[in-house]
Structures are given as C-alpha cells and as structure tokens.
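The values are calculated or read from the model by the stated rules, or taken from the named source; none is laboratory data. Small disclaimer: the values here were computed from a predicted structure and weren't measured. Reconstructed Cβ throughout: ideal geometry from the backbone, glycine too, with neighbour counts over all protein chains shown. With ligands, DNA and RNA removed, areas are computed over all heavy atoms of the protein, side chains included. Shrake-Rupley method; radii C 1.70, N 1.55, O 1.52, S 1.80 Å.
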Amino acid sequence: METAIAFIIIFGSIVFFHELGHFIFAKKAGIMVREFAIGMGPKIFGMTKGETIYTLRLLPIGGYVRMAGEDMDSIELQPGFRLGIHVNNENEIDQIVLNQNKQFPDMLFLEVEKSDLSKEMFIEGYDEEERSVRYKIARNAVINENGKETYIAPYDRQFGSKTVGQRSMAIFAGPLFNFILSFIIFLLLGLLQGVPTYEPVITTVVADSPAAQAGMKDGDLVTKINGNPISTWDELSEEVKVSPDKKMDFTVDRNGESLEFTMTPNAVESGKEKVGQIGVQYVSPLEKNPIKAVAFGAEQTYDWTKRIFTLLGSLITGKFSIDDLSGPVGIYKATEEVAQYGVYNLMHWAAILSINLGIMNLLPLPALDGGRLLFFLFEAVRGKPVDKQKEGMVHFVGIMLLMVLMVVVTWNDIQRFFF
C-alpha cells in the first residue's frame with residue numbers, strides 16, 4: 001500500500017505539473033481550456049470551475065489538457081435541426097438546448113437554416129410562427145446536450161486562431177514544467193537534506209588496507225597527493241585509480257594538524273585494466289546553504305538531463321535494446337525499491353522521472369509534444385499550416401505505434417518482474 005501511495009503521488013505530481021504547463025500557457029494565450037485531466041480512461045471525479053472541467057480518471061498513465069478548437073471539438077448545427085434557445089437582455093443567445101426534453105422559462109424554439117458558432121457567431125432560422133429570425137450568439141453562450149453544458153468557443157479563443165509562437169509555447173510548456181518541477185525537487189533536497197560539499201574527507205578506513213596500515217583515520221581531510229593540491233573527492237579518487245602499485249604521498253588535515261602518510265594502492269581488476277585502491281570509503285558531507293541549494297538544484301537538473309540524453313543516444317545507436325526499456329510496471333517496481341531508502345530518495349527518484357518525462361515528450365515523434373512542435377516548425381518555415389487531415393492522420397498513426405510500444409514494454413516488465 002505504501003508503494004502504491006508513493007507511486008500515485010509521484011506519478012500524479014509529475015503528470016499534474018506537465019499538464020499545468022500546457023494549461024497556464026494556453027490560458028495566457030487566451031485559449032479556452034475544455035478539460036484538465038489527470039489520468040486516462042473512465043472519469044472517477046469531475047469538478048467544473050468556470051469554463052473548464054477538472055477530472056481524475058481511472059488509469060494513472062498520463063493526462064491531458066483539452067483545448068477548444070482541437071480534434072473533434074467543433075460543433076455544427078445542420079439546416080432543419082430544431083433546437084431550444086434562451087435569449088438574454090441584449091437579444092443574444094446565451095443558451096442552446098439540443099435535446100428538447102430540457103425545458104426552462106422563456107425558452108424559444110427555432111428551426112435552423114444557417115449558423116456559425118465560431119467566427120460570425122449567429123443562428124438564422126424560423127421561429128414557431130414560421131418567421132425568419134436571426135440571433136447573434138453571446139461570447140459566453142453554452143450548449144446544453146443531455147444535461148451536459150459546453151461553452152461555445154469563439155474563433156479567437158480556439159487553439160488554431162493563435163500565432164505559431166503562442167501555440168508552440170502552449171505545447172512546449174508541458175515538458176518545460178517537468179524540468180521546473182525537477183529543479184524545485186532538487187532545490188528542496190538541498191534545503192532540507194543539505195548540499196554535498198564533495199570535500200575529500202575520509203568517511204571510513206577499511207581494516208588492513210593500505211590506508212589503515214599507513215595510519216589514516218576516519219575523518220581525515222586529504223589536502224595534497226604527491227605535493228599536488230586536492231580539493232574534491234573525485235580528484236582524490238582519480239589520482240588513486242591511475243596509480244596501482246605506485247607509492248603515493250598523502251597530506252591530510254586531522255583536527256587542524258597537518259600529517260604526512262605514504263602508501264601503495266593495491267592493484268584491483270576492473271574490466272580489462274587494473275586500478276588502484278587504498279581502502280577508504282566516502283560519504284559526501286552535507287551543508288545547508290540556501291544559495292548553494294539553488295545552484296545544486298540547477299546542477300542536478302542539468303546533469304540528469306545530460307545523462308538521460310546520453311542513454312537515449314545509446315538506444316538509437318543500438319547499445320541497448322527495447323528490452324531494457326521500462327513502462328508503468330517497471331517504474332512501479334523501481335519506486336518500490338527506492339521507497340525502502342526513505343523520503344529523500346523518493347524525492348530524488350521523482351525528479352529524475354520528471355526530467356525523463358519532459359525529454360520523452362520533446363522527442364519529434366507523432367502524437368508527442370515534440371511531434372506537434374515539429375509541425376509548427378514546418379508551418380513557420382512554409383508560411384502556412386500543414387493540412388489538418390494529414391497532420392491528424394500522422395498523429396493517429398503515432399498514437400497507435402506508441403500504444404503498441406507501451407504494450408510490448410509492459411509485457412517485458414511483467415515477464416521480468418513476475419516470471
């Protein structure tokens with residue numbers, strides 16, 4: 001149960017921030033957002049606030065922000081269609097009822113002859129007395145169909161009416177917010193847990209090792225090796241690693257006193273080469289410093305972004321196969337393992353997952369944010385958008401291929417972890 005809760009919180013937070021990026025920049029561009037959904041599939045919970053419905057859905061495998069003017073969002077009234085309308089004090093339609101079982105005071109009935117619910121915003125038709133009438137539609141009008149109310153989106157509030165830059169930013173903001181979330185998590189880790197100083201302080205000296213025989217003790221701070229200044233553990237580790245069976249001189253600071261030690265690193269097999277080891281263990285000291293915590297957040301976000309891109313390059317070049325990929329099941333099992341080591345490790349894991357989601361969504365593949373951004377780039381270069389039907393078909397094929405990939409990866413996870 002603890003693992004399930006941790007998984008839901010982590011994955012839900014990552015998806016929430018991703019969709020929040022889309023939502024904020026869509027609203028900033030003046031785009032009407034129909035729905036803000038966490039999860040996919042059947043709706044568990046829904047709450048309407050303003051023109052947006054906020055929903056939780058059954059399957060915790062993603063989420064979405066549905067914007068006005070996107071796929072299957074347009075509403076058309078065919079000639080001859082009979083509907084109910086309500087007119088406000090300015091003689092504008094503020095409610096359209098498509099199922100006439102719904103009744104309310106002052107409801108008028110109209111047979112549609114001609115309409116435009118997007119740009120010109122009007123309905124022409126015949127009233128109950130067969131008179132030809134024309135009504136303007138209010139910008140905040142709603143359509144009521146089987147008890148469900150949907151706001152009509154004027155063209156200037158639809159996704160397609162915005163500039164390439166505004167649309168691109170609304171799409172790019174999702175992955176961007178994943179990187180921002182990772183920075184925030186790493187920042188919190190720096191503030192709460194502390195920032196590693198990476199000083200070359202010996203945490204533990206292994207018994208009977210070259211360091212122990214030379215006289216080193218726990219807590220010694222290495223300042224020089226063979227007369228050369230040492231400031232980080234990585235520098236110390238590298239000097240020892242490349243010096244198997246070679247005598248080395250160490251200068252250490254022990255409670256303010258400078259001491260000299262001489263030792264010869266053991267030669268240990270590592271792959272096809274031998275490396276030096278002196279028998280010391282290291283855990284980086286932690287320092288609580290708000291300014292360093294900010295730098296730590298930025299550095300960790302950058303470093304993990306670079307690592308994930310490197311792994312992605314390995315997949316493309318064939319250094320590891322699709323069998324090495326993990327889906328929701330693999331992430332769940334990894335979360336189960338990380339949860340055993342405490343909340344700070346879970347936070348670190350969440351930050352890495354958030355970066356991973358941001359990078360994956362930026363890949364120029366159909367149906368992903370990166371694929372949509374690629375079409376916007378084509379539009380900017382050509383000076384006109386790609387045909388909507390062709391673009392829609394490409395994204396549809398992309399969704400199908402991604403679903404197949406998800407099934408394959410999930411099956412591999414199940415085989416790996418349960419069989």
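Counting only other residues whose beta carbon sits under 15 Å from that of A173, what net charge do I get with K and R as +1, D and E as -1?
Result for the neighbourhood of A173: +3.
Distance from the Cα centre of segment 368-419 to that of segment 8-31, in angstrom?
Using only Cα atoms to place each centre, the spacing works out to 20 Å.
Express in nm, to one decimal, how much length is gained between Q340 and I9 on full extension, taking 0.36 nm for each residue of separation and deducting their alpha carbon distance.
117.6 nm
What angle do you read, to the nearest 10 degrees and between 0 and 90, between the alpha-carbon axis of helix 343-362 and the longest principal axis of the chain?
Rounded to the nearest ten degrees, it is 60.
Can you sort K217, K241, K119 by 1.4 Å-probe accessible area, starting with the largest? Each step should come with its number before you reach the end.
Working: K217 120, K241 90, K119 140 Å².
In descending accessible area the options line up as K119, K217, K241.
Please compute the length gained on full extension between F396 and D127, using 0.36 nm multiplied by the number of residues separating them and subtracting their Cα-Cα distance. All intermediate terms of the calculation are to be shown ahead of the outcome.
Numbers: separation 269, 0.36 × 269 = 96.84 nm, distance 4.22 nm.
92.6 nm is the gain from fully extending F396 to D127.
What figure, in Å² to the nearest 10, do you get for the accessible area of T48 with a 1.4 Å probe and non-protein molecules left out?
100 Å²
Name the most mobile residue of F159, F81, F186, meaning the one with the largest mean-square fluctuation, in a Gaussian network model of the chain with Cα contacts below 10 Å.
Comparing F159, F81, F186 in the GNM, the peak value goes to F81.
Between L192 and V242, how many nm apart are label points set 7 Å from Cα along the C-beta direction?
4.0 nm
Apply 1/(1 + (r/R0)^6) to the Cβ-Cβ distance of A267 and L221, taking R0 = 25 Å, and write down the FRET efficiency to the nearest 0.05.
0.45
Using θ = phi - 60° and the Karplus form 6.51 cos²θ - 1.76 cosθ + 1.60, what ³J(HN,Hα) does each residue of segment 381-389 get, whole Hz, x for Gly and Pro?
6, 6, x, 8, x, 5, 3, 4, 5
Given a 1.4 Å probe and the protein chains all in place, what does the accessible area of H22 round to, in Å² to the nearest 10?
In the full protein context, H22 sits at about 10 Å².
Using 0.36 nm per residue of separation minus the Cα-Cα distance, give me the extension gain between K28 and L59 in nm, one decimal.
On the way: separation 31, 0.36 × 31 = 11.16 nm, distance 2.90 nm.
Contour length minus the Cα-Cα distance gives 8.3 nm.
Please determine, in degrees from 0 to 90 and to the nearest 10, the orientation of helix 164-192 with respect to the longest principal axis defined by the Cα atoms of the chain, where the helix direction is its Cα long axis.
On a 0 to 90 degree scale, this one is about 40.
Report the accessible area of M121, computed with a 1.4 Å probe over the heavy atoms of all protein chains in place, in Å² rounded to the nearest 10.
10 Å²
Looking at M403, L176, G392, which one has the Cα that reaches farthest to the positive end of the dipole of the chain (charges on Cβ: Lys, Arg +1; Asp, Glu -1)?
G392
Taking the alpha-carbon distance from K148 and a cut-off under 25 Å, which lysines remain once sequence neighbours fewer than 8 residues away in the same chain are dropped?
Leaving aside lysines fewer than 8 places away in the same chain, those within reach of K148 are K27, K43, K49, K102, K114, K119, K136.
So what is the 222 nm mean residue ellipticity for the chain from helices alone, if each DSSP H run of at least 4 adds -39500 (n - 2.57) and you divide by all residues, rounding to the nearest 500 deg cm²/dmol?
For the chain, the value works out to -14000 deg cm²/dmol.
Out of V397, V409, V242, any idea which swings most in a Gaussian network model of the chain, alpha carbons joined below 10 Å?
V242
How about segment 153-192: which trypsin sites (Lys or Arg not before Pro) there are in a DSSP loop, with at most 15 other Cβ atoms within 10 Å of their Cβ?
Sites meeting the loop and neighbour criteria: none at all.
Among residues other than P210 whose Cβ falls under 12 Å from its Cβ, what is the net charge (Lys/Arg +1, Asp/Glu -1)?
Spelling it out: positives minus negatives among the neighbours equals 0.
Sorted by accessible area (1.4 Å probe), largest first, how do K27, K390, K114 line up?
Reading off the accessible areas and sorting them downward yields K390, K114, K27.
Which lysines have a Cα less than 28 Å from the Cα of K247, not counting those fewer than 8 places away in the same chain?
Hits, sequence-local ones excluded: K217, K224, K272, K274.
Mind checking which lysines have their C-alpha under 23 Å from K306, skipping anything on the same chain fewer than 8 residues away?
Those lysines meeting the cut-off are K292, K319.
Net charge within 14 Å of N140 by Cβ-Cβ distance, Lys/Arg positive one each and Asp/Glu negative one each, not counting N140 itself? Walk me through the intermediate numbers first.
On the way: positive: K136, R139, R157; negative: E51, E90, E92, D94, E149, D156.
Once positives and negatives cancel, what remains is -3.
Name the most mobile residue of I399, I185, I352, meaning the one with the largest mean-square fluctuation, in a Gaussian network model of the chain with Cα contacts below 10 Å.
Checking each option, the largest mean-square fluctuation is seen for I399.
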